[in-house]
Amino acid sequence: MIGTGVPAAAQAAVASAIHWGPVTSSAGHSGHAKADVWITDFSAETFAVHGTLHDRDRHRGHCASIRARFHYVGGGTGWSRPRSTCSAKSPFRLTSDGQIKRVDVRVCLYDLASRTTFTCHADAITPEIIANWPR
């Protein structure tokens, strides 16, 4: 899905967001995809990963893509729908189907012609990592 927006009401509902920071995928040249990632508290019934996705690849047909893999408290995992953009900056919001214990945020370059992702990088985010951050 190219250029998916985030309604203002949805962003306002995430008042207690935690700034994770940038997640970047490099293609081995100057082009890359980058996401500025915010998350909700892990105690939330519906966990959300949101922020802005940036396409930093000047090659025509290369775009930025983000996806989240949710690890549920009751067991099992599930992937969010991928969000992609070919613009310099685009908001995104990915949500779980229940309470989670871990999320893997995956940022990739996306090739429009072949409809495939490449040079991906994933950050694993857990409550323990957030709890050990300096205050």
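The values are calculated or read from the model by the stated rules, or taken from the named source; none is laboratory data. Keep in mind the model is a prediction, meaning the values are calculated, not measured. Quick reminder, even Gly has a Cβ in these numbers, built from the backbone with ideal geometry, and neighbours come from all protein chains shown. Keep in mind that these areas ignore ligands, DNA and RNA; they rest on the heavy atoms of the full protein, side chains included. Shrake-Rupley method; radii C 1.70, N 1.55, O 1.52, S 1.80 Å.
Details
- Test item: Cα-centred dipole of the chain, Lys/Arg +1 and Asp/Glu -1 on Cβ, debye: 320 debye
- Quarter of Cα convex hull surface for region 56-135, i.e. mean projection, nm²: 6.8 nm²
- Under the criterion of Cα pairs below 8 Å and six or more residues apart, the relative contact order for the chain equals 26 percent.
- Of the trypsin sites (Lys or Arg not before Pro) found in region 55-92, those that fall in a DSSP loop while having at most 10 other beta-carbon atoms within 10 Å are Arg58, Arg60.
- J(HN,Hα) series, region 68-73, from Karplus relation 6.51 cos²θ - 1.76 cosθ + 1.60, nearest Hz, glycine and proline x: 10, 10, 9, 9, 7, 4
- Charge dipole (the chain, unit charges on Cβ, about Cα centre) - positive-most of Ala64, Gly76, Thr46: Ala64
- Taking all C-alpha pairs of region 66-105, those more than 17 Å from each other amount to 33 percent.
- Principal semi-axes in Å for the chain [√(5λ), Cα gyration tensor, largest first]: 25, 15, 14
- Surface share of carbon and sulfur [accessible, 1.4 angstrom probe, percent] for the chain: 51 percent
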